[in-house]
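What follows is one structure encoded as structure tokens, with my remarks underneath.
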Amino acid sequence: MSNLGSAPTYRSGTGSVTAEGAAVTTEERDAALAFLQQLAAELSDGDVDLPCFPNVVLRISIALADPNTTSDQVVTVVGSEPRLAARLLQTANSAAFNATGKPLTELRPAIIRIGLHLVQSIAMSYAVHQMQTEDSLKPIKQPLVELWDKSIAVASICQLVAERTKVHTDMAFLTGLLHGIGSLYVMARATTRAAQLTNQRSWMELLEGWQAGIGNAVLESWGFAEEMCDAVGDQRDYGRKWKHDATVTDVLIVSLLLAESRNLPEPRPVEMEGINAFASIGLSATDCEATLVRAERRIALVHEALK
């Protein structure tokens with residue numbers, strides 16, 4: 001289990017900023033740190049409590065973490081929630097995930113077509129959309145929408161970047177989609193402290209520095225592959241060095257930076273200096289711009305498929 005006991009840091013340019021460094025009042029800081037320490041203690045004990053998160057999605061994660069799970073068992077779990085099954089069929093027949101153009105009407109061939117990583121991706125999409133409709137989570141509805149939009153963009157870029165590596169593209173997509181699970185977890189749990197959220201934006205800024213470590217711990221508890229958990233936990237470790245083939249961590253680091261450059265005016269600058277992941281993958285500035293151009297169409301298709 002990841003060590004969540006101390007205040008984490010995240011990189012901003014060439015400097016490091018502690019989670020306590022955000023502009024909040026002393027009372028807000030103390031409340032937030034106490035809250036985060038509570039979450040850290042729970043996660044260290046393997047206790048993951050994500051409000052309004054559909055149980056079927058956790059059952060899918062647990063089933064897929066077991067190498068002995070059969071396709072029949074996956075079909076049974078997915079089929080136990082008709083709305084999820086319908087969404088999976090719809091997505092499998094979408095332009096983003098149906099290269100053959102041949103429509104499917106049954107769950108088993110749909111799961112075989114898209115693969116288990118994308119089954120998890122669709123299940124996560126279903127879960128987030130369910131959370132967005134919950135009355136108890138209304139205070140974070142807009143941040144949830146923004147987080148999910150960013151996650152789709154990062155996932156789509158991850159898929160394209162992974163094509164240049166030996167990393168499985170569907171695993172890269174799922175990792176990108178889950179990169180903000182720590183933020184999702186913190187925001188959902190923070191709604192239980194609505195009376196203290198007098199300055200939500202300040203809280204979110206304060207909590208941002210913790211999200212990667214918390215996300216790592218959540219995914220570990222749910223049984224996700226070690227390399228995916230590590231990637232989410234190390235998503236801002238720009239100085240990491242890897243002497244072998246590029247990993248999903250490299251793919252995620254690069255994709256996050258590319259996603260942050262999407263809305264900048266052209267030519268869109270990408271911060272590459274001192275970030276070894278670009279060299280590990282072999283991406284030049286020209287390659288980055290070409291990837292961003294390709295990504296726009298991909299992001300639009302994935303948005304349509306997962307809406």
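No lab work stands behind these numbers, since they all come straight from the coordinates. Nothing here was measured: the structure is a model prediction, and the numbers come from that model. Don't worry about glycine lacking a Cβ; one is built from the backbone with ideal geometry, like all the others, and counts go over all protein chains shown.
When the square roots of the Cα gyration tensor eigenvalues are ordered a ≥ b ≥ c, the ratio a/c for segment 50-121 is 1.5 or more and a/b exceeds b/c, which makes its shape prolate. Ordering F35, F278 by the number of other Cβ atoms within 10 Å of each residue's own Cβ, fewest first, gives F35, F278. Classification of segment 23-162 by its C-alpha gyration tensor yields a prolate form. The axis ratio a/c (a ≥ b ≥ c) is 1.5 or more, and a/b outweighs b/c.
Please work out whether the chain counts as rounded, prolate or oblate from its C-alpha gyration tensor, where a ≥ b ≥ c are the square roots of the eigenvalues and a/c under 1.5 means rounded, while otherwise a/b larger than b/c means prolate and anything else oblate? Before the final figure, lay out the partial values.
Details: a/c = 1.61, a/b = 1.14, b/c = 1.42.
Oblate.
For A300, what charge total do you get from the other residues with a beta carbon under 14 Å from its beta carbon, if Lys and Arg give +1 and Asp and Glu give -1? Net local charge, A300 excluded: +2. When each of M131, M272, M171 is scored by the number of other beta-carbon atoms lying within 10 Å, the sequence from fewest to most is M272, M131, M171.
Restricting attention to the chain, lysine pairs at least eight places apart or on different chains and with alpha-carbon atoms under 17 angstrom apart total 4.
If you take the Cα centroid of segment 211-250 and the Cα centroid of segment 74-124, the two points sit 27 Å apart.
Output the relative contact order of the chain, whole-number percent, from Cα pairs under 8 angstrom with separation of 6+ residues. Can you show the working numbers first?
Working: 402 pairs, mean separation 70.1, N = 307.
Value for the chain: 23 percent.
Computed packing ranks the peptides 65-75, 105-115, 83-93 as 83-93, 105-115, 65-75, most packed first, by mean other Cβ atoms within 10 Å.
The residue among G239, T133, A279 whose Cα reaches farthest toward the positive pole of the charge dipole of the chain, with charges on the beta-carbon of Lys, Arg, Asp and Glu, is T133.
Rounded to the nearest 20 debye, the dipole magnitude of segment 50-121 is 200 debye, with +1 charges on Lys and Arg beta carbons, -1 on Asp and Glu beta carbons, and the Cα centre as origin.
Taking label positions 7 Å along the Cα-Cβ direction at both E304 and N263, the computed distance is 2.3 nm, reported to one decimal.
Sorted by mean Cβ packing within 10 Å, highest first, what order do the peptides 117-123, 97-103 take?
Working: 117-123: 24.4, 97-103: 11.3.
Averaged packing, sorted descending, gives the order 117-123, 97-103.
Taking 7 Å steps out from each Cα toward its Cβ at A41 and A225 produces label points 3.6 nm apart.
Compute, for the chain, the length of the dipole vector about the Cα centre, with Cβ point charges of +1 (Lys, Arg) and -1 (Asp, Glu) only. Units Debye, rounded to 20.
On the way: 26 positive and 36 negative charges, 173 e Å.
In debye, rounded to 20, the chain gives about 840.
Multiplying the residue separation of D149 and E106 by 0.36 nm and subtracting their alpha-carbon distance yields 12.6 nm. In this simple spin-label model, placing a label point 7 Å from the Cα along the Cα-to-Cβ direction at both D245 and T26 gives a separation of 5.5 nm.
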